[in-house]
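Just below is one structure, and these are the notes that go with it.
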Amino acid sequence: MKDSFGRHVHSMRISVTDRCNMRCDYCVSGDKLQLRPSRELLSLEEIETIVRAAGTLGFDTFRFTGGEPLVRQGVPELIEKIGRQPGVRRLSLSTNGSLLAPYVDRLADAGVKALNISLDSLLPDRFRKITRGGDLACVLSGVNAALGHDRFTVKLNAVIVRGINDDELGELASLTIHQPLTMRFIEYMPHGSWRASAQADNPTVSTDEMLDALSQRFEIERNVSGPVGEGPARYVQIKGAVGYIGLISPVFQPFCERCNRIRLTSDGYIKSCLLQDDRFALRDWMRSPAYTFDELVKRIRDAVLLKPREHSYARNIDMSTVGG
Ligand code: SAM
């Protein structure tokens, strides 16, 4: 459907859980995930119903995220069921990759076409530090399992933070030379309790700055069309490389005019914009006698119609609940 600014909004990003087996420094505010009791999370059936309602409005693209989506039991089955709903065109998954390897066949069979895997460093100690405990080898085996399947578009996501991993841009970009993957570099969106000292050091590296750094090391072809998909990245390529480099710039070059998505949080809110505090509550109402499917469709439509022209900067964003 069209929002009030004429954008075709047809994509829903669904956080299926706030649970995660990593605690990435840039994502989790404070030392601990603020986990909600499980009764406050949408059930998988409720998620399926919301997707069905969105489908009647023309939503055809669904991305599953978290938290870590693969820590929640039943998520592959949920994806399978959603894949069978009429009108669903594109299913994708954002994952930290650590649990991915055993699931790739099922996800391919369920109709998942795109896997986005977080990979912020290729140095095991640094990776463990950024993710607060993550095992790089596990993630790389997930990446390799995904690449071993020709049914997926594989994108690796690195949030680049100054002084933390910006010195690895070249190494991460090199992954695209011989492998059919896209390495996406994301501007860090400061939020929550990122350490004051890091804030003072201007932690967000702009994608222009990243591109300058890459151009010093590689011959870069600009404005290439990139892999299939309708995401927010602009693409470049190392000359002669098999894969692509994607640059995502939520801070310095927001892509609001092209935004085609809304978000469903794990605790049952629709967010029509990642960086806006407005949220439309569904969960408690869906569990009440007042619930009807027609009214659910109307509530999703209203959320789309209230999608702002562009984002303002919400500061209390909780990525693990919203799903990034
Ligand atoms: N666990 C999954 C994963 O690792 O992809 C899905 C959840 S994670 C919240 C989804 C995305 O949010 C990741 O690609 C991550 O890079 C992005 N993200 C989280 N915090 C961010 C921040 N402060 N700035 C930019 N991107 C962020």
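In the stretch 1-32, what count of residues is obtained for those that are among the β-branched types (Val, Ile, Thr), modelled with pLDDT of 95 or more and not in a strand (DSSP E or B)?
3
For the stretch 6-40, how many residues meet the condition of being surrounded by fewer than 14 Cβ atoms within 10 Å (Cβ to Cβ), within 27 Å of Pro232 (Cα to Cα) and in contact (Cβ under 8 Å) with a residue 40 or more places away in the chain?
Result for the stretch 6-40: 1.
What is the one condition in (1) within 11 Å of the ligand (Cβ to nearest atom); (2) surrounded by fewer than 18 Cβ atoms within 10 Å (Cβ to Cβ); (3) among the hydroxyl-bearing types (Ser, Thr, Tyr) that Ser43 does not satisfy?
Only one criterion in (1) within 11 Å of the ligand (Cβ to nearest atom); (2) surrounded by fewer than 18 Cβ atoms within 10 Å (Cβ to Cβ); (3) among the hydroxyl-bearing types (Ser, Thr, Tyr) is unmet by Ser43, namely (1).
Residue by residue through the stretch 260-284, note down the ones that are closer than 23 Å to Leu93 by Cβ, assigned to a loop (DSSP other than H, G, I, E, B) and either out of contact with any strand residue (DSSP E or B) (no Cβ under 9 Å at 6 or more places or on another chain) or open to solvent by 40 Å² or more (accessible area, probe 1.4 Å) (or both).
Passing the criteria: only Leu275.
Where in the stretch 198-259 are there strands (runs of 3 or more DSSP E), lying fully within it, with 1 or more residues that are of a type in the set (Lys, Arg)?
It comes to 220-224, 234-238.
Which ones in the stretch 136-190 are more than 15 Å from the ligand (Cβ to nearest atom), open to solvent by less than 10 Å² (accessible area, probe 1.4 Å) and either closer than 14 Å to Pro227 by Cα or at pLDDT below 95 (or both)?
Result: Thr176, single match.
Please report, ordered by residue number, the helices (runs of 4 or more DSSP H) entirely within the stretch 62-142 with at least 1 residues that are within 21 Å of Val28 (Cα to Cα).
124-131
If you take the residues of the stretch 56-82 that are touching a residue at least 12 places away in the same chain (Cβ under 8 Å) and open to solvent by 30 Å² or more (accessible area, probe 1.4 Å), which of them is farthest from Ile117 (Cα to Cα)?
Taking the candidates together, the pick is Thr56.
Just name the residue that is farthest from the chain's Cα centre (by Cα) out of those in the stretch 126-185 that are of a type in the set (Phe, Trp, Tyr) and closer than 22 Å to Cys20 by Cα.
Among those residues, the one meeting the criterion is Phe127.
Of all residues in the stretch 74-104, which are of a type outside the set (Ser, Thr, Tyr) and within 16 Å of the ligand (Cβ to nearest atom)?
Val75, Pro76, Leu78, Ile79, Leu91, Leu93, Asn96, Gly97, Leu99, Leu100, Ala101, Val104
The values are calculated or read from the model by the stated rules, or taken from the named source; none is laboratory data. Note that the structure is predicted; figures quoted are calculated from it, not measured. Cβ sites come from the backbone with ideal geometry, for glycine too, and all protein chains shown count toward neighbours. We work out accessible area using only protein heavy atoms, side chains counted, and drop any ligands, DNA or RNA first. Shrake-Rupley method; radii C 1.70, N 1.55, O 1.52, S 1.80 Å.
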